[in-house]
Amino acid sequence: MQARMKNPAYVLPNALKGIGTLNQAIAQSGLPTELQEIVGMRASQINGCGACVHGHMVNLRKAGTSDERIAAVAAWRHAPFFSDAERAALQLTEVVTRLADISEESVPDALWNEVADHFDETELAALILTISLTNLFNRINTTIREPAGTTWG
């Protein structure tokens with residue numbers, strides 16, 4: 001499989017600067033990098049973005065995440081490998097990623113309260129931006145048919 005075009009962030013260099021600024025803010029937030037990768041992987045699985053799933057898997061392996069944890073991200077509800085904080089973040093990831101499927105409140109108060117019990121405001125901001133930015137990348141990459149195994153930067 002070959003991409004339909006060069007990634008739009010490289011076609012429009014100012015877009016890449018904006019993305020870089022968001023990534024820098026997230027990195028400085030204190031939200032664990034492994035959690036960023038786990039929620040990124042889950043959003044990418046839901047959106048069918050092979051390039052992003054592969055990228056998150058590579059990053060998780062580089063960070064020393066066990067193969068059991070990586071393989072269980074898609075079935076996190078039924079796996080013992082995730083903390084309560086990670087489970088709350090994964091649930092938020094699924095709800096935010098599936099906004100079009102929701103007929104009621106997008107993020108119910110009960111879920112928000114659960115997530116807020118585990119993360120401070122700075123970490124919450126980084127978590128929301130991580131999920132949102134991953135969804136942006138997923139939409140770009142699936143549109144241009146970016147193949148799994150692509151490296152950026």
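The values are calculated or read from the model by the stated rules, or taken from the named source; none is laboratory data. All values derive from a computational prediction rather than experimental measurement. Virtual Cβ from ideal backbone geometry, glycine too; neighbours counted across all protein chains shown. Remember, those area values only see protein heavy atoms, side chains included, never the ligands or the DNA or RNA. Shrake-Rupley method; radii C 1.70, N 1.55, O 1.52, S 1.80 Å.
Highlighted here are the helices (runs of 4 or more DSSP H) found entirely within the stretch 1-104 that include at least 1 residues which are closer than 19 Å to residue 119 by Cα, open to solvent by 60 Å² or more (accessible area, probe 1.4 Å) and β-branched (Val, Ile, Thr): 33-47. Being of a type in the set (A, V, I, L, M, F, W, C) and farther than 20 Å from residue 132 by Cβ is a condition met by at least one residue of the stretch 11-21. Only residues that are of a type in the set (Ser, Thr, Tyr) and assigned to a helix (DSSP H, G or I): list them for the stretch 125-153, please. The answer is 130, 132, 134, 142, 143. When the stretch 125-153 is filtered for residues that are open to solvent by less than 70 Å² (accessible area, probe 1.4 Å) and small (Gly, Ala, Ser), the ones remaining, listed by number, are 125, 126, 132, 148, 149. Return yes when residue 145 is free of Cβ contacts under 8 Å to residues at least 24 places away in the same chain and charged (D, E, K, R) and no when it is not. Answer is no for this residue. Scanning the stretch 114-124 for residues that are assigned to a loop (DSSP other than H, G, I, E, B) and open to solvent by 40 Å² or more (accessible area, probe 1.4 Å) turns up at least one hit. Taken as a whole, the condition of being in contact with a helix residue (DSSP H, G or I) (Cβ under 9 Å, 6 or more places away or on another chain) and under 26 Å from residue 27 (Cβ atoms) applies to residue 89.
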